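Colleague: Please read through the structure below; I'll follow up with questions.
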Amino acid sequence: MNKLLAALIATLFATAAIAQTSPVTPAVASAQASAQHDINKAANKEAKVDAKADANVAKAEMKADEKKADAQHKANKTKAKAHDKVVDADAEDKMKAQAKADKAAAKADAKAGKTSVKADAKVAKEKVEANADKAIAATKTEEAKAKADAEVKAAAAK
């Protein structure tokens, strides 16, 4: 019973508060509708920019993974060839062939590492650009909201 009574009293006060506010004029209603349209438009643009930025980052990550895998595959192939030469070498030339194979393996690993670092750098750059694009879009949305609020206040002041 107390909850019902409290709800009725709250409704009474809310109705009284609404009755005391000034009625919405057609100009204010129009300004509010226009403002909401502008805000929705900005929010949609922001969502599109976010989605595009995320897609670009995903694409860059995929390319980087492919480049890393290709580089590692090439390095493994080079190492295998060098190892085969060691196996095929005469007993006298095995030490020399092993040293040559170790050198080739080190060179292949270094090349794969360099490729990996470059690929990761491109991904990092794409992430920074994506975050910048997202921040700019969010700022534009906030700007649209502020302009919309100003337009509604100006319409209400007339």
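Every number in this text was worked out from the coordinates using simple rules, so none of it is lab data. Small disclaimer: the values here were computed from a predicted structure and weren't measured. Neighbour counts run over all protein chains shown; Cβ positions are idealised from the backbone, glycine included.
Colleague: Write down the radius of gyration of the stretch 83-158 and its Dmax, each obtained from C-alpha positions, in Å.
Modeller: 30.8, 101
Colleague: From the phi of every residue in the stretch 83-99, what ³J(HN,Hα) in whole Hz does the Karplus formula 6.51 cos²θ - 1.76 cosθ + 1.60 yield, where θ is phi - 60° and glycine or proline is x?
Modeller: 5, 4, 5, 5, 5, 7, 6, 5, 4, 5, 9, 4, 4, 5, 5, 5, 5
Colleague: Could you give each residue of the stretch 38-51 its phi-based ³J(HN,Hα) in whole Hz, using Karplus coefficients 6.51, -1.76, 1.60 with θ = phi - 60°, and x for Gly or Pro?
Modeller: Couplings: 5, 5, 4, 4, 5, 5, 5, 4, 4, 5, 5, 5, 4, 5 Hz.
Colleague: Hey, what did the stretch 26-157 get for relative contact order, percent, Cα under 8 Å, at least 6 apart?
Modeller: Working: 107 pairs, mean separation 66.8, N = 132.
Here the relative contact order equals 51 percent.
Colleague: Further, regarding this structure: Tell me the net charge near Ala130. Cut-off is 14 Å between Cβ atoms, Ala130 excluded, with +1 for each Lys or Arg and -1 for each Asp or Glu. Don't jump to the answer; show the numbers that get you there.
Modeller: Numbers: positive: Lys48, Lys52, Lys59, Lys122, Lys125, Lys127, Lys134; negative: Glu46, Asp50, Asp54, Glu61, Glu126, Glu129, Asp133.
Combined, the nearby Lys, Arg, Asp and Glu give 0.
Colleague: Name the residue farthest towards the positive end of the dipole of the stretch 85-158 from the options Ala97, Ala121, Val87, assuming +1 on Cβ of Lys and Arg, -1 on Cβ of Asp and Glu, about the Cα centre.
Modeller: Going by the charge dipole, the pick is Ala121.
Colleague: Explain nothing, just the number: dipole magnitude of the stretch 26-157 about its Cα centre with +1 on each Lys and Arg Cβ and -1 on each Asp and Glu Cβ, in debye rounded to the nearest 20.
Modeller: 500 debye
Colleague: Roughly speaking, what % of Cα-Cα pairs in the stretch 23-158 are separated by over 21 Å, rounded to a whole number?
Modeller: Values: 5995 of 9180 pairs.
Percentage above 21 Å: 65.
Colleague: I need the phi-derived Karplus couplings for the stretch 144-151: 6.51 cos²θ - 1.76 cosθ + 1.60, θ = phi - 60°, integer Hz, Gly and Pro marked x.
Modeller: These are the phi-based 3J(HN,Hα) values: 4, 5, 5, 4, 5, 4, 5, 5 Hz.
Colleague: On a full-extension model of 0.36 nm per residue, what is the gain between Asp102 and Ala58, subtracting their alpha-carbon distance, rounded to one decimal in nm?
Modeller: Here the segment from Asp102 to Ala58 would lengthen by 12.2 nm.
Colleague: List the aspartates and glutamates whose Cα lies under 14 Å from the Cα of Lys147, skipping any in the same chain that are fewer than 8 positions away.
Modeller: Lys147 reaches Asp38.
Colleague: Then there's this: Work out how much length Ala89 to Val117 would gain on full extension: take 0.36 nm times their residue separation and subtract the Cα-Cα distance, in nm to one decimal.
Modeller: 6.6 nm
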